[in-house]
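Here's the structure we're looking at; comments come further down.
The values are calculated or read from the model by the stated rules, or taken from the named source; none is laboratory data. A quick note: this is a predicted structure, and the numbers were derived from the prediction, not measured. Neighbour counts run over all protein chains shown; Cβ positions are idealised from the backbone, glycine included.
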Amino acid sequence: MKWFRRILVLLVLGLSLNMFVQPNSVKVIGERIRSLMVIPTIFKTEINATIASQTAIKDTSDNTPIETVVNGNRLKRQYNYYFAKNVPIPVKKVFFKAVSKYNQLHIVKLNYEKKALDNQKNQIKFYVYDKPGENDNGTIELGLGGPQIYPLIGGNGFAINHGEAGLNIQYTESIQESVAMHEIGHVLGLDHSYSRSSIMYPIDQGHTNFSPMDLKALHEIYK
């Protein structure tokens, strides 16, 4: 009987190592990992290209970095995306175009859904916000974006990404494909690049084509 109980305990522990850590988990270990992995990059500031000369960014590398929180996590290539209730049609059109650019790469597959359906799948929420005013360096904020990772305990499977990308409708400059592509890039795991040819350069350059290093980083994340 003792051996049976020991085997049962080992079996339960083994199964628990491959369980998804879901949002709103009531388990203590789930809450601890969830809090640890919710990244602050969802509040990254994007700025206007018209004041590029006022920034102090140095072009030290052509690499497109990967968000730290994404490194070491396996992510499935399939995502469902949906819009918040207050997103106007022009913004939706911009996001649809940006999504199409990513789908054409055949690295990830972003599928439209009318609403969030399954917490065990990768999701992207598109939204808008209204934030007036300049930053301290005289720049304006065009958008926000970032991943939110829920890892598998034990690391033997795929993590879940519930990212968000938003455009600041206070400024018409934000409602463009290049800004939407940049914010989606953050959601998928790309960090800011020092290369002006990258869609991940923190000052909007109007790019709607990926640089070779952007593609390399996406391939690295979604092997």
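Okay, here's what the table says:
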quantity: Residue within the range 150-157 that is out of contact with any Lys or Arg (no Cβ under 7 Å at 6 or more places or on another chain) and modelled with pLDDT of 95 or more present; calculated: no
quantity: Total residues in the range 66-94, condition crowded, with 17+ Cβ neighbours inside 10 Å and under 16 Å from LEU190 (Cα atoms); calculated: 7
quantity: Within the range 177-199, tally of residues that are within 12 Å of the chain's Cα centre (by Cα), surrounded by 24 or more Cβ atoms within 10 Å (Cβ to Cβ) and part of a loop (DSSP other than H, G, I, E, B); calculated: 1
quantity: Selected residue (criterion: farthest from PHE158 (Cα to Cα)) from residues of the range 95-121 that are modelled with pLDDT under 95 and either of a type in the set (D, E, K, R) or surrounded by 18 or more Cβ atoms within 10 Å (Cβ to Cβ) (or both); calculated: LYS114
quantity: Search result, residues across the range 206-223 that are loosely packed, with under 13 Cβ neighbours inside 10 Å and either more than 17 Å from the chain's Cα centre (by Cα) or under 13 Å from TYR102 (Cα atoms) (or both); calculated: GLY206, ASN209, PRO212, HIS219
quantity: Residues within the range 124-173 that are crowded, with 18+ Cβ neighbours inside 10 Å, among the hydroxyl-bearing types (Ser, Thr, Tyr) and not in a strand (DSSP E or B), tallied; calculated: 1
quantity: Residues satisfying the stated conditions in the range 56-111, i.e. in a helix (DSSP H, G or I), basic (Lys, Arg), touching a residue at least 12 places away in the same chain (Cβ under 8 Å) and out of contact with any helix residue (DSSP H, G or I) (no Cβ under 7 Å at 6 or more places or on another chain); calculated: LYS92
quantity: Qualifying residue in the range 116-134 (condition: in contact (Cβ under 8 Å) with a residue 24 or more places away in the chain, closer than 23 Å to LYS92 by Cβ and of a type in the set (Ser, Thr, Tyr)); calculated: yes
